[in-house]
Amino acid sequence: MSESVRNEGASKPAASRRAKAAAAEKLAKRAEKLRRDGDFDKSAELLVEAQALDPDNADAAWWLGDHAHSAGDIRTALKQFRRYLRLQPGDPEALHMISALGGRRKPKRASDGYVRDHFDAFAEHFDESLVGDLKYQAPRLLYDSVRKVRGGRKPRMDMLDLGCGTGLVGQRFQPMIRKLWGVDLSTEMAKRARKRGIYETVAVSEVTKYLKQTRRSFDLVTAADVLIYIGDLAPLFRGVRRVLNPGGLLAVSTEIRKGGDFKLTASGRYAHSLKYLKRTGRESGLVLVSDTTARLRYELGEAVPGTIAVFVRPA
Ligand SMILES: C[S@@+](CC[C@H](N)C(=O)[O-])C[C@H]1O[C@@H](n2cnc3c(N)ncnc32)[C@H](O)[C@@H]1O
């Protein structure tokens, strides 16, 4: 057989694979649009077609995993996230979700890579999605709890907002504070917080690392919807104790776990028991002075209950 005939024969399957991959890519793009418009069933149908055409289409694997996860089909979600990880080795979001679904060891906190990737991608729609669609309440709940703990009129405080995100908490606490600093791992979230013009600085850093390094001290430290990405709270609480002025307050929100200490749940977020919060606070030199149960936000139409806890560093 001549060289040219042999090459022509060999390139046919390759050309057909390329055509299928291109068709799958198109379907995945259409699925993305449908997903954005809220038509999840139709979107999933197109992704199934895309994956049949090209089993190596990474988008199809990720979003089929995501659809299955939302529908509570853990087995399929795990299978798709594993497939995605084979196509995108080391991807932090896939690793995190596989852990959350019980497919690998659960870490003591979400990796920096996961938090960064997740929130950099989410930043643009964060406010409209959380406040608008999910009826996010944590900033107001934290504010109300801190106000109750302080009682009466008090001097304004210097505040550090851990995992400040786009700055919703800083915004809410304006009537109570003198100066405000923020810290967040996600560059995109931090950028939006800075745009509000209410933070002295917004550092891009992991919170526990920041608490170890900063030379400032504060009257109030907040962490709204941040401990859901951190399981083991001891290093964070010790860091907060270090930067709080005597008599200073720490206000946090957590998702509720009934027994045990903390757990990375199938949602991909951590939940903590009140007993654990109290004990870890005490062991770190912080006394729990207030805890309330409240609805933090909605998820897939269901209310997500949480604890709003306020600790004091004794004077
Ligand atoms: C759900 S958002 C909440 C944002 C803000 N606190 C609010 O209530 O609107 C969680 C934020 O915490 C940040 N975050 C999570 N874990 C972190 C960590 N270990 N270090 C720094 N930032 C973290 C994320 O980047 C994200 O901006």
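Nothing in this text is a laboratory measurement; each read-out follows from the coordinates by a stated rule. Bear in mind that the values here come from a model prediction, so they are computed numbers and not experimental data. Here Cβ is always computed from backbone atoms with ideal geometry, including for glycine, and neighbour counts include all displayed protein chains.
As a summary of the residue check, L211 satisfies the conditions (1) closer than 18 Å to G113 by Cα; (2) within 11 Å of the ligand (Cβ to nearest atom) except for the one numbered (1). Take the residues in the range 295-309 that are among the aliphatic types (A, V, I, L, M) and touching a strand residue (DSSP E or B) at 6+ places or on another chain (Cβ under 6 Å), then tell me which one is farthest from A251 (Cα to Cα). Going through the qualifying residues, I end up with A303.
For the range 141-179, residues that are in contact with a helix residue (DSSP H, G or I) (Cβ under 9 Å, 6 or more places away or on another chain), part of a helix (DSSP H, G or I) and within 12 Å of the ligand (Cβ to nearest atom) total 7.
Restrict the check to the range 290-306 and report whether at least one residue is at positive phi and without any contact (Cβ under 8 Å) to a residue 24 or more places away in the chain. Checking the range 290-306: at least one residue is at positive phi and without any contact (Cβ under 8 Å) to a residue 24 or more places away in the chain. The residue list A138, A110, A94 contains one member that is within 21 Å of the chain's Cα centre (by Cα), buried (at least 21 other Cβ atoms within 10 Å of the Cβ), away from the ligand (no atom under 12 Å from the Cβ) and in contact (Cβ under 8 Å) with a residue 24 or more places away in the chain, which is A94.
Does L288 satisfy being more than 22 Å from R172 (Cα to Cα), part of a strand (DSSP E or B) and touching a helix residue (DSSP H, G or I) at 6+ places or on another chain (Cβ under 9 Å)? Considered against the rule, which asks whether it is more than 22 Å from R172 (Cα to Cα), part of a strand (DSSP E or B) and touching a helix residue (DSSP H, G or I) at 6+ places or on another chain (Cβ under 9 Å), L288 comes out as yes. Considering only residues in the range 214-239 that are more than 8 Å from the ligand (Cβ to nearest atom) and of a type in the set (F, W, Y), the one that is nearest to M157 (Cα to Cα) turns out to be F218.
Considering each residue of the range 180-201, count those that are of a type outside the set (D, E), within 11 Å of the ligand (Cβ to nearest atom) and either exposed (fewer than 15 other Cβ atoms within 10 Å of the Cβ) or closer than 22 Å to R109 by Cα (or both), and give that number. Qualifying residue count for the region: 7.
Go through the range 247-283 residue by residue and tally those that are part of a strand (DSSP E or B) and buried (at least 17 other Cβ atoms within 10 Å of the Cβ). The qualifying residues number 14. Filtering the range 218-242 to residues that are within 20 Å of G268 (Cα to Cα), in contact with an Asp or Glu (Cβ under 9 Å, 6 or more places away or on another chain) and not in a loop (DSSP other than H, G, I, E, B) leaves A223, L227, I228.
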